[in-house]
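Working notes for the structure below.
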Amino acid sequence: MVVLGAAAGNATAEGVFAGEYETNAQCVAAGEQYRGSDTWPDCVYGQQGSGWQLWVRSIGG
């Protein structure tokens, strides 16, 4: 099951959770909308096989 997250607000150095996806490719594609001059998308495989989690991270904190 794919659960789409809400749009990320102001990203912190730790990151803002933006959604969970079944495949890395889906996660990367969805993350492109969050790529900017001060933020970048980061796909991380969740614990216990929960899927790919999209985090929006801040550049330079």
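The values are calculated or read from the model by the stated rules, or taken from the named source; none is laboratory data. Note that this is a predicted model, so its numbers are computed, not measured. Glycine gets a Cβ as well: all are built from the backbone with ideal geometry, and neighbour counts include every protein chain shown. Quick note on the areas: whole protein, heavy atoms, side chains included, nothing else; ligands and nucleic acids left out. Shrake-Rupley method; radii C 1.70, N 1.55, O 1.52, S 1.80 Å.
So here's what we get for this one:
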quantity: Long-range neighbours under 8 Å by Cβ, at least six apart or interchain, first residue touching a residue at least 60 places away in the same chain (Cβ under 8 Å) and closer than 14 Å to GLY19 by Cα within region 29-54, second among the acidic types (Asp, Glu) and part of a helix (DSSP H, G or I); calculated: none
quantity: So VAL56, is it of a type outside the set (Lys, Arg), within 10 Å of the chain's Cα centre (by Cα) and surrounded by 19 or more Cβ atoms within 10 Å (Cβ to Cβ); calculated: yes
quantity: Some residue of region 8-18 being at pLDDT below 90 and within 10 Å of the chain's Cα centre (by Cα); calculated: yes
quantity: Region 36-53: number of residues that are open to solvent by 90 Å² or more (accessible area, probe 1.4 Å) and either in a strand (DSSP E or B) or hydrophobic (A, V, I, L, M, F, W, C) (or both); calculated: 2
quantity: Within region 19-28, tally of residues that are within 10 Å of the chain's Cα centre (by Cα) and either in a strand (DSSP E or B) or among the small types (Gly, Ala, Ser) (or both); calculated: 3
